[in-house]
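In what follows, a single structure is set out as structure tokens and then discussed.
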Amino acid sequence: MSMDLRKRIVDLSKKAAFAANKHGLEGQRAQVVLVLDISASMNALYKTGVIQRAMERILGLAVTFDDDGRIDLLLFGTNAYQLPAVTLEEIEGYVERVILAQYKIREATNYAPPLRLILKHYASPQPTPAFVIFITDGANADRGATAVVIRALSSEPVFIQFVGIGKEDFPFLRKLDELPGRLIDNAGFMSINDLDGIKDAELYDRLLNEFPRWLTKAREKRILTR
């Protein structure tokens, strides 16, 4: 890793730690999971470096939360794909070297396949909860199937922060707070028009906004034991 990038990640981790402390999350451990849309409309965001820069910012959060400072990474479009973990050693050029070299950014948009992988990999017991950051720029074609998986995940140590980017309205994601049949509310939604344009401090603050409430409810329901 170049010295400039290492310095940037260190700086990002300090901003993420500040946001975590602001939300009462000092000392909280979590497995950071990043889920990235590879539908056709996302192509330019990969090619122009927007997704690479977003991954670097999420790694700053992972360094704060996760003892091994890594991002567990999934891609989704029509189907879902588990990729190698993103670490400090691997982050430089990851999008170009791993994602664009192996995957075509032109699939449809289904949310259920990656959520099923999350249910499989992060169900109880887990040493720490999974904090999932799910980035998409389009509404999904499988709302019924997605609702089923989100309900199943509500009794597991998994919180999903959906991030809608661009000008799509995301009516399904906006109404997740009202989704019935869940043990607890296990998903949040935030909308960002310009992923590159949002400042680091605001990004971390908004990403972490609903996580503390979920932690409290998860402990009350014994989904988490500490």
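Structure values in brief
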| item | result |
| --- | --- |
| Unmet criterion (only one of (1) touching a residue at least 40 places away in the same chain (Cβ under 8 Å); (2) of a type in the set (Gly, Ala, Ser); (3) open to solvent by 30 Å² or more (accessible area, probe 1.4 Å); (4) out of contact with any Asp or Glu (no Cβ under 8 Å at 6 or more places or on another chain)) for Ser41 | (4) |
| Unique residue being modelled with pLDDT under 95 and not polar (S, T, N, Q) when the list is Asp37, Asp68, Asp72 | Asp68 |
| Subset tally (residues that are out of contact with any strand residue (DSSP E or B) (no Cβ under 7 Å at 6 or more places or on another chain) and among the aromatic types (Phe, Trp, Tyr)) for the range 198-226 | 1 |
| Selected residue [hydrophobic (A, V, I, L, M, F, W, C), more than 15 Å from the chain's Cα centre (by Cα), at pLDDT 95 or above and open to solvent by 10 Å² or more (accessible area, probe 1.4 Å)] from Ala101, Ala108, Ala80 | Ala101 |
| Pairs, first without any contact (Cβ under 8 Å) to a residue 60 or more places away in the chain and within 10 Å of Ala145 (Cα to Cα) in the range 109-120, second open to solvent by 20 Å² or more (accessible area, probe 1.4 Å) and not polar (S, T, N, Q), C-beta under 7 Å, six or more apart | Asn110/Ala141; Asn110/Asp142; Tyr111/Asp142; Ala112/Asp142; Ala112/Ala145; Pro113/Ala80 |
| Unique residue being within 19 Å of Gly60 (Cβ to Cβ) and either in contact (Cβ under 8 Å) with a residue 12 or more places away in the chain or of a type in the set (A, V, I, L, M) (or both) when the list is Ala130, Ala152, Ala139 | Ala130 |
| Unique match (being over 18 Å from Ala201 (Cα atoms), aliphatic (A, V, I, L, M), in contact (Cβ under 8 Å) with a residue 12 or more places away in the chain and in contact with a helix residue (DSSP H, G or I) (Cβ under 6 Å, 6 or more places away or on another chain)) among Leu12, Leu34 | Leu34 |
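The values are calculated or read from the model by the stated rules, or taken from the named source; none is laboratory data. Predicted model only: the values in this text are computed from it and were never measured. Note that we place each Cβ from the backbone using ideal geometry, even for glycine, and neighbour counts take in every protein chain shown. Please note that ligands, DNA and RNA were not included when accessible areas were found on the heavy atoms of the full protein model with its side chains. Shrake-Rupley method; radii C 1.70, N 1.55, O 1.52, S 1.80 Å.
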